[in-house]
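The values are calculated or read from the model by the stated rules, or taken from the named source; none is laboratory data. Given the structure is predicted, the values throughout are model-derived calculations rather than measurements. Glycine also receives a Cβ, built like all others from the backbone with ideal geometry; neighbour counts cover every protein chain displayed. Just the protein is used for accessible areas: all its heavy atoms, side chains included, with ligands, DNA and RNA removed. Shrake-Rupley method; radii C 1.70, N 1.55, O 1.52, S 1.80 Å.
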Amino acid sequence: MRKLKEDSTNTTRWGKSTGAISINLAFTSDSGEYWCENEKGERSNSVNITVTAGDVILESPAVPVMEGDTVSLYCRNKRTASNIPADFYKDGLLSATGYKGNFTIDGVSESHEGLYRCSISGAGDSAESWLAVRAHITLSPEESQESPETSSSNGSPHLFIILSVGFTILCLALLLLVVGLIHCRRKEGKKYFLFVYV
């Protein structure tokens, strides 16, 4: 697995790994977009990581969020208590003031995508962090209807229903057969005892 990183100078750095990687001493220069690729060139979703040297930290989703989701941004000062009022900026413009240090966006849309930062009076600003928003993929009516091959390969509920009904009919048939045999033998005047061993 190849690990990639794109920094603020748009320089891509490559590293090789067979699993997770870790940065033991993080510096602001380690900020950037991270993702991984396999040998075939297939790429994972990217993750934005921001390393800051300041006291103010903006906590935001590192991975893209889906349209319609609720997103919360948190601004905190690592040297003082939480729930401090903070101003939140999107693309350099004041977007909201969170009196408890948080800013919640209900029903996020692609228009909310952008660079966010926060500011705490007397403590300074956080580094900027990219909030990525992805649209829900809507299928056309033809694409949304599953073919019989697809539904059967997905562990179709139809198969479960058919097996359940078949099992029930088989149990009823066996029960009727046993009751019929007992009834016929009684008519002939013979007694049968049914023993059940547990």
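Take Ile120 and tell me if it is out of contact with any Lys or Arg (no Cβ under 7 Å at 6 or more places or on another chain) and touching a residue at least 60 places away in the same chain (Cβ under 8 Å).
yes
Quickly run through the range 73-92 and pick out the residues that are among the aliphatic types (A, V, I, L, M) and under 27 Å from the mean Cα position of the chain (by Cα). Scanning the range 73-92 gives a single hit, Leu73. Scanning the range 7-32 for residues that are of a type in the set (D, E, K, R), open to solvent by less than 100 Å² (accessible area, probe 1.4 Å) and at pLDDT below 80 turns up just one, Asp7. Using the structure shown, decide if Lys78 is over 15 Å from Ser129 (Cα atoms), charged (D, E, K, R), modelled with pLDDT under 95 and in contact with a strand residue (DSSP E or B) (Cβ under 8 Å, 6 or more places away or on another chain). Yes: the conditions hold for Lys78. Here is the figure for the range 33-56: residues that are of a type in the set (A, V, I, L, M, F, W, C) and either open to solvent by 40 Å² or more (accessible area, probe 1.4 Å) or assigned to a loop (DSSP other than H, G, I, E, B) (or both) total 4. Contact annotation: residue pairs with Cβ atoms under 9 Å, 6 or more positions apart or on different chains, pairing a residue in the range 68-97 that is closer than 20 Å to Gly54 by Cα and among the small types (Gly, Ala, Ser) with a partner that is open to solvent by 80 Å² or more (accessible area, probe 1.4 Å) and in a strand (DSSP E or B), are Ser82/Tyr74; Ser82/Arg76; Ala86/Tyr74; Ala86/Arg76. On inspection, Leu4 passes the criterion of being at pLDDT below 75 and not hydroxyl-bearing (Ser, Thr, Tyr).
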